[in-house]
Amino acid sequence: MRQMFNARSGAGAEEPRFYSVEQVAGLFGVSAMTLYRAIGNHEFPAIRIRGRLIVPAKAIDAMVEAALERNTAVDATEFATGAAA
């Protein structure tokens, strides 16, 4: 997942630890408002720093790995609540 963002920012770029909501929304093909709503409903993992929300890269990586390991769709809610298997 991180390689997708790194390919855009240059070959020597350091792997990001966090993504903006807009970056993740674009990557997942949903609107930023949809993702903000999911975060507000505790259905998607994020960190709030004052008024800004950021998404940990590790959370995205964990979702991708779980989907690949299970060979099925995963529910982001289980990663937001810390119930990931």
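Quick note: the coordinates plus some simple rules give every number you see, no bench work behind them. These numbers were taken from a predicted model, which means no experiment stands behind them. As a convention, Cβ positions derive from the backbone with ideal geometry for all residues, glycine included, and neighbour counts pool all protein chains shown.
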* Structure fact -> Glu43 meets each of (1) surrounded by 16 or more Cβ atoms within 10 Å (Cβ to Cβ); (2) within 25 Å of Glu14 (Cβ to Cβ); (3) touching a helix residue (DSSP H, G or I) at 6+ places or on another chain (Cβ under 8 Å) with one exception, condition (2)
* **Residues of region 48-85 that turn out to be under 18 Å from Arg17 (Cβ atoms), more than 11 Å from the chain's Cα centre (by Cα), among the β-branched types (Val, Ile, Thr) and surrounded by 12 or more Cβ atoms within 10 Å (Cβ to Cβ), as a count** => 0
* Under the condition of being of a type in the set (Ser, Thr, Tyr) and more than 12 Å from Ile54 (Cα to Cα), which residue from region 26-40 is surrounded by the most Cβ atoms within 10 Å (Cβ to Cβ)? -> Thr34
* **Of residues in region 63-78 being touching an Asp or Glu at 6+ places or on another chain (Cβ under 9 Å) and part of a loop (DSSP other than H, G, I, E, B), the one farthest from Asn41 (Cα to Cα)** => Asp75
